1. I need the full set of residues from the stretch 3-35 which are open to solvent by 60 Å² or more (accessible area, probe 1.4 Å), hydrophobic (A, V, I, L, M, F, W, C) and at pLDDT 65 or above, in order please.
2. Quick one: would you say F117 is assigned to a helix (DSSP H, G or I) and in contact with a His (Cβ under 9 Å, 6 or more places away or on another chain)?
3. Among the residues of the stretch 43-68 satisfying the criterion of being modelled with pLDDT of 90 or more and of a type in the set (K, R), which is most open to solvent (accessible area, probe 1.4 Å)?
4. In this structure, does Q71 turn out to be under 30 Å from P161 (Cα atoms) and either open to solvent by less than 40 Å² (accessible area, probe 1.4 Å) or modelled with pLDDT under 90 (or both)?
5. Of these, A235, A242, which one is among the hydrophobic types (A, V, I, L, M, F, W, C), open to solvent by less than 70 Å² (accessible area, probe 1.4 Å) and touching a Pro at 6+ places or on another chain (Cβ under 9 Å)?
6. Are there any strands (runs of 3 or more DSSP E) wholly within the stretch 120-184 with 1 or more residues that are β-branched (V, I, T) and surrounded by 16 or more Cβ atoms within 10 Å (Cβ to Cβ), and if so which?
7. Quick one: would you say D85 is in contact with a Ser or Thr (Cβ under 8 Å, 6 or more places away or on another chain), at pLDDT 90 or above and not polar (S, T, N, Q)?
8. Kindly list, by first and then second residue, each pair from a residue in the stretch 239-267 that is at negative phi to a residue that is surrounded by 12 or more Cβ atoms within 10 Å (Cβ to Cβ) and of a type in the set (S, T, N, Q), limited to pairs with Cβ atoms under 9 Å and residues at least 6 apart or on different chains.
Amino acid sequence: MVGETQHRPFQLSFNSSLKVDFQGSRVTSHGGLVLVRELDERLGFGELIKRHLADSRGKNRQLPLADLLRQSVYSRLAGYEDMNDAERLAQDPTFRLIGSRKIWERGAALTSRLQSFETELLTQEDNLAGLAALNRELIARAETFDSPHRVVLDMDSTEIPVYGEQEQSAYNGHFESTCYHPLLLFNREGDCLAAKLRPGNVHSAEGWEELLLPEIERHQRQGKEVVFRADAAFAKPELYDALEERDVKYTIRLPANDKLERYVVELLTRPVRRPSYKPVVRFKSFLYQAASWTRARRVVAKGRVPLWGVVPARRLHRDQPGG
């Protein structure tokens, strides 16, 4: 029967003894991670861990490297931002099931072991590079399911606040906090393709070429059209030149200045007609060359005149002030 087929338990490949079913009377807080673990298996996450990460612990390997990395990643997916909950999660049924047979039998890693894994083993130079390669190859495998001819890349920086004296953290005036200031590269689906951890006081665009240029070359080797977009922090002549040399179309916001504002002043004037209750939006395209540019480039400006300042009428009763 069709209905029976739809309600059959989902069989897992990473642990064939498990079956996923939906029963309202049997609930686990982290049961959804089992399905993520199945996706991880289908994408070959374990194989990529072996290929890209090195285990320098010698013979002291009570827990496999793949189990430690999965516990680290999956605890974040479950909403645990740090390792303080590892003691409790070590015996959680779901966290035991997502690991190897050793984890099923003895439990996941405790806080001290997971902390040394993240701060000592993963931070080794080869493993940092391996993590970046692992992330990119994992996304590449997912891209094979839906590989559009046109690729849109977004670059941005963000703030990671710190509350101590962590190495290379610094005060950032824009964020008004002591922080790290990492650089991130995304595709239009929101997947993080590459990331670079930087000190808190560097410029937003510092190191852009290290992340962006390899990704452009990767897609162009596959015959894809690449488009790039970013905010005003990336309005740099050297970035424009690099994109144009590689035939990459781009949209980058320009910082405002007096000369640009003179170009668009007519976009910001109110029309001479009956007041509108909707914003008036106009566009203008023109060639513009800043002093630091080697040539003129096309600029598209958008002018938005906000709603007219109409105050809704309010009926006043005679016994109210002003009545």
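1. L35
2. Working: assigned to a helix (DSSP H, G or I): yes; in contact with a His (Cβ under 9 Å, 6 or more places away or on another chain): no.
Criteria not met by F117.
3. K50
4. yes
5. Exactly one residue qualifies, and that residue is A235.
6. Values: elements: 150-157, 170-172, 177-180.
Correct list: 150-157, 177-180.
7. No: the conditions fail for D85.
8. Close Cβ pairs satisfying both conditions: R246/Q220; V248/Q220.
The values are calculated or read from the model by the stated rules, or taken from the named source; none is laboratory data. Quick caveat, the model's predicted, so the values are computed rather than measured. Because the Cβ atoms are built from the backbone with ideal geometry, glycine has one as well, and the counts that use them run over all protein chains shown. Areas reflect the complete protein model, heavy atoms only, side chains present, ligands, DNA and RNA absent. Shrake-Rupley method; radii C 1.70, N 1.55, O 1.52, S 1.80 Å.
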